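Peer 1: Here it is: the structure, laid out below.
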Amino acid sequence: MPHQQTIRKVLLENKLLTRAQIDGASRQAAEKHTSLSDELVATNLISEQLLYETLAGALKLPFIDLTAQTIRRDILNLLPEPIIQTHNVVAFDKTDREVKVAMVDPDDLQIIDFIDKKTRLKPLIFFTTPSGIKAALKQYRKGLRAEFESITSAVDQAGGSEQELKQLAHDVPVVRVVDTLLEYAIFEGASDIHIEPTEADTIVRYRIDGVLREVMTLPKKVQPGVVARIKILSNLKIDEHRLPQDGRFKIRSEEYAVAFRVSILPVYDGEKIVLRLLNESAQVLSLEQLGLSEKNLGLVKRNVTKPHGMIYVSGPTGSGKTTTLYTILTLLNTPKVNLSTIEDPIEYRIPRVNQTQVNPRIGMTFAAGLRALLRQDPNIIMVGEIRDEETAEIATHAALTGHLVLSTIHTNDAVTVLPRLTEMKVPAFLIASTTNMIIAQRLVRKICTHCIESFTLSRQAIESLAEQINVQYLLDTLVQGGSIVKGQKVEELLFYRGRGCRQCNSEGYRGRIGIYEVLEMNDALARVILERGTAADLHQVAIKSGMITMIQDGFLKAKAGVTTIEEIIRVTKE
């Protein structure tokens, strides 16, 4: 939808409403968290048709009324339903070279680019009303319902044999449903797709920016066809419904190459499918793009160039550890070194890096793979995860004997990596002498740049915040980081949030960035390790040595308008 200022200007220039009427509607829209256009139409200040026709003229775009139009089925199917619904856009006519597209937000350049790539036709943009989009969506759903009914009858007739399930998986409606699910997930930047059977229907959820979001509900009878289709794509046993199965497949086009890791688990109401998306065409990030602060960036760059020692990256599952390791590997990947990895699974292929997949069923564990790698004359080794005593021992000895070893380990912060290694029976002298650096991290959602706004905390918000964190600690962090001057009160500070808009699906967030604490080994820390000091002792020494904690890094990013305080608390307090 055109910006509020554009709507105001067009209405005043065409003398359709007075300034007072528009101001009143703006206030109401702000209170209700709706758009100005919706408020104007809802309060009958102007008809929807007149408003959108006038705006179309001002934007020099042709207007199309879709409410009374019947759109050809093949044209309507050019765009998947979630795209029509989320972006208020519909294809209504086409030629051999062009596709006519009706929109309510002609500034949505991302979707125009998507249509261009998907249809391979030049989009001609028309302006329409939200009612027109709804009418087209009804037509789409009527056709889709008929197709779902054909799946239902096919499922009723199918006895569940392998041959019948194969036939079902190749039916056009089933193929279309699965293609739509996968394509829309790629378009939305999802990291996982959950297809969950319930007693009455099948729920589809996407994990976007680390948070699950329900995107559609499918009829229950579609479930067998969807499961069979995904099993065929993943080369799994179609007629096995009682045991978990894992597989993998790829989708390639001119725009993207995405690998899907598939996990199928029998549950009470059927089979639940989770697909992990791995974008193989994604560009490797630089250390700066990961979100490392200037000080932490300096520490990482200094330690990755050391010829031997251990670099640990710690954090829970889904905190971006692998991305950090791959970024460091790419930085170190030159023809002068032999770089080898042992991973489970290999998430991304890196040219000129020898990557080995763990396979415990045949005895290829992290420890066995690491032993073999050490006979391959490596300079740099990456171990996907240190999770047992044997792997920890081999890795630390490799670091001691002249190799640079990178690995991940599951702990909540940087300091607790050291006691965790002690629990794995790694000798204290080995920990102290081989550890170069520990990076602990979490991923936080970034504020959407299209709807970012500043605000000051109300008294009630400050009281609520004080229940979760030490507000004085927040102020001290911002003073130390140079974001504010000493003496400023929390109620005077400007923070930022996202209002919610079409670009971010009204979430207020779009994309993610890391918050970090980087601990560099020094003599004081080594002394505490050798003296068998506690995690609290190590933490005290780390702070004295100048380590910026993860929550401090988060506060500085919140003050800079990168993320919100709520997001920092969410990921660090879980």
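Peer 1: Give me the number: length gained by fully extending residue 31 to residue 491, i.e. 0.36 nm times residue separation minus the C-alpha to C-alpha distance, one decimal in nm.
Peer 2: 163.3 nm
Peer 1: Among 114, 86, 472, whose Cα sits farthest toward the positive end of the charge dipole of the chain (+1 at Cβ of Lys/Arg, -1 at Cβ of Asp/Glu, about the Cα centre)?
Peer 2: The residue sitting most towards the positive pole is 114.
Peer 1: Based only on Cα atoms, what mean projected area does the convex hull of the range 182-244 have, in nm²?
Peer 2: For the range 182-244, averaging the hull's shadow over all directions gives 4.8 nm².
Peer 1: State, to one decimal in nm, how far the label point of residue 242 lies from the label point of residue 453, with both points 7 Å from Cα in the Cβ direction.
Peer 2: 5.8 nm
Peer 1: Then there's this: For a quick size check, give me the Cα extents of the range 519-563 along its three principal axes, largest first, whole Å.
Peer 2: The principal-axis extents, from largest down, are 42, 16, 11 Å.
Peer 1: Among rounded, prolate and oblate, which fits the range 379-472 when a ≥ b ≥ c are the square roots of the eigenvalues of its C-alpha gyration tensor, a/c under 1.5 means rounded, and a/b larger than b/c means prolate?
Peer 2: prolate
Peer 1: Can you find, among 325, 241, 303, the residue sitting farthest towards the positive end of the charge dipole of the range 224-365, where Lys and Arg contribute +1 and Asp and Glu -1 at Cβ?
Peer 2: 303
Peer 1: Next up: Count neighbours as other Cβ atoms within 10 Å of each site's Cβ, and list the trypsin sites (Lys or Arg not before Pro) in the range 360-410 that are DSSP loop with at most 11 such neighbours. Numbers along the way, then the final one.
Peer 2: On the way: sites: 361, 371, 375, 387; in loops: 375, 387.
The qualifying sites are 375.
Peer 1: Taking loop as defined by DSSP and a crowding limit of 11 other beta carbons within 10 Å, which trypsin sites (Lys or Arg not before Pro) in the range 408-475 fit?
Peer 2: 425
Peer 1: For the range 529-574, what does the accessible surface come to per residue with a 1.4 Å probe? Please give it in Å².
Peer 2: On a per-residue basis, 47 Å².
Peer 1: Something else now. If the viscosity is 1.306 mPa s and the temperature 10 °C, what Stokes-Einstein diffusion coefficient in µm²/s follows for the chain when Rh is the Kirkwood radius over Cα pairs? Kindly include the intermediate steps, with their values, before the conclusion.
Peer 2: Values: Rh = 27.3 Å.
Estimated diffusion coefficient is 58 µm²/s.
Peer 1: Shifting gears a bit: Might you tell me the accessible area per residue for the range 235-356, computed with a 1.4 Å probe and given in Å²?
Peer 2: 52 Å²
Peer 1: Treating only the Cβ of Lys, Arg, Asp and Glu as charged (+1, +1, -1, -1), what charge dipole size does the chain show about its Cα centre? Round to the nearest 20 debye.
Peer 2: 840 debye
Peer 1: Taking the mean number of other Cβ atoms within 10 Å as a proxy for protection, how do you rank 224-231, 133-140 from highest to lowest? All intermediate terms of the calculation are to be shown ahead of the outcome.
Peer 2: Working: 224-231: 24.9, 133-140: 18.2.
The most tightly packed comes first, giving 224-231, 133-140.
Peer 1: I would also like to ask the following. Let me know the shape class of the range 220-260, please: from the alpha-carbon gyration tensor, a ≥ b ≥ c as square roots of the eigenvalues, rounded when a/c is under 1.5, otherwise prolate if a/b is greater than b/c, or oblate.
Peer 2: Oblate, because a/c is 1.5 or more while a/b does not exceed b/c.
Peer 1: Calculate, in nm to one decimal, what residue 286 and residue 364 gain on full extension: separation in residues at 0.36 nm each, minus their alpha carbon distance.
Peer 2: 24.9 nm
Peer 1: Which whole-number percent is the relative contact order of the chain (Cα, under 8 Å, 6+ apart)?
Peer 2: 9 percent
Peer 1: Skip the ligands, DNA and RNA, and give the accessible area per residue of the range 9-153 with a 1.4 Å probe, whole Å².
Peer 2: 52 Å²
Peer 1: Between their Cα atoms, which of 118/250; 118/220; 117/250; 60/122 are more than 23 Å away from each other?
Peer 2: 118/220
Peer 1: Please state the shape class of the range 38-150: rounded when a/c is under 1.5, otherwise prolate if a/b exceeds b/c and oblate if not, all from the C-alpha gyration tensor.
Peer 2: Because a/c hits 1.5 or more and a/b fails to exceed b/c, the range 38-150 counts as oblate.
Peer 1: Top to bottom by accessible area (1.4 Å), largest first, where do 467, 48, 567, 531 land?
Peer 2: Working: 467 155, 48 40, 567 5, 531 130 Å².
From most accessible down to least: 467, 531, 48, 567.
Peer 1: For a quick check of understanding: with a 1.4 angstrom probe and all protein chains in place, what accessible area in square angstrom does residue 429 have, to the nearest ten?
Peer 2: Its accessible surface works out to 120 Å², give or take rounding.
Peer 1: What span do the alpha-carbon atoms of the range 284-413 cover on each of the three principal axes, reported in whole Å from largest to smallest?
Peer 2: So the three principal-axis extents are 43, 33, 27 Å.
Peer 1: Please report, in whole Å, how far the alpha carbons of the range 435-574 spread along each principal axis, starting with the longest.
Peer 2: For the range 435-574, the Cα spread along each principal axis is 55, 33, 25 Å.
Peer 1: A follow-up question, please. Quick check on my link table: of 295/559; 301/559; 446/557; 237/272; 489/559; 32/489, which ones sit more than 20 Å apart, alpha carbon to alpha carbon?
Peer 2: Pairs exceeding the cut-off: 301/559; 32/489.
Peer 1: May I ask you to evaluate 6.51 cos²θ - 1.76 cosθ + 1.60, the Karplus curve with θ = phi - 60°, for each residue of the range 448-464 and list the ³J(HN,Hα) values in order in whole Hz, giving x for glycine and proline?
Peer 2: 5, 6, 7, 9, 5, 9, 9, 7, 10, 6, 6, 4, 5, 5, 5, 4, 5
Peer 1: Further, regarding this structure: Carbon and sulfur: what percent of the chain's accessible surface (1.4 Å probe)? Can you show the working numbers first?
Peer 2: On the way: 13770 of 27880 Å².
Whole-percent figure for carbon plus sulfur exposure: 49.
Peer 1: Follow-up. How big is the dipole moment of the range 37-146 about its Cα centre under a simple scheme where the beta carbon of each Lys and Arg is +1, that of each Asp and Glu is -1, and everything else is neutral? Debye, nearest 20, please.
Peer 2: Here the range 37-146 has a charge dipole of around 660 debye.
Peer 1: Please tell me the relative contact order of the range 35-143 in percent, rounded to the nearest whole number, where contacts are Cα pairs under 8 Å and at least six residues apart. Mind dumping the intermediate values first?
Peer 2: Working: 145 pairs, mean separation 34.2, N = 109.
About 31 percent, as a whole number.
Peer 1: Mind checking the dipole of the range 212-260: about its Cα centre, +1 per Lys or Arg Cβ, -1 per Asp or Glu Cβ, Debye to the nearest 20?
Peer 2: Once rounded to the nearest 20, the dipole reads 160 debye.
The values are calculated or read from the model by the stated rules, or taken from the named source; none is laboratory data. These numbers were taken from a predicted model, which means no experiment stands behind them. Don't worry about glycine lacking a Cβ; one is built from the backbone with ideal geometry, like all the others, and counts go over all protein chains shown. To get the accessible areas, we keep the full protein, side chains included, count just its heavy atoms, and leave off ligands, DNA and RNA. Shrake-Rupley method; radii C 1.70, N 1.55, O 1.52, S 1.80 Å.
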